[in-house]
Amino acid sequence: MAVDAKIDRMALVRRHNVTLTKLDRNMPMQVGNGEFAFGMDITGLQTFVPFKTMSQWGWNSFDPPAGTN
């Protein structure tokens, strides 16, 4: 394998294109990378069904300081 071989980045990305053709309220579409996930409906956004954007870094796992709860 040549070290200076070019990567066809467009082809690489297109292999993973998501296509949603109908609304299924019981099975949300989630796309993400393990740290961040975006839930979407048939519009490509979060328009009709309340799918959520989730992030690993957005959750607190510690108690608030004493006297602030």
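The values are calculated or read from the model by the stated rules, or taken from the named source; none is laboratory data. The model shown is predicted, which means the values in this text are computed figures rather than measured ones. Cβ atoms come from the backbone with ideal geometry, glycine included; neighbour counts cover every protein chain shown.
At-a-glance table
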{"read-out": "Where a residue in the range 34-48 is part of a loop (DSSP other than H, G, I, E, B) and its partner, wherever it lies, is among the basic types (Lys, Arg), with Cβ under 7 Å and at least six apart", "value": "42/22"}
{"read-out": "Scan of the range 1-20 for residues that are more than 17 Å from the chain's Cα centre (by Cα), in a loop (DSSP other than H, G, I, E, B) and modelled with pLDDT of 80 or more, ordered by number", "value": "5, 6, 7, 8"}
{"read-out": "Count - residues of the range 1-24 that are touching a residue at least 12 places away in the same chain (Cβ under 8 Å) and surrounded by 10 or more Cβ atoms within 10 Å (Cβ to Cβ)", "value": "2"}
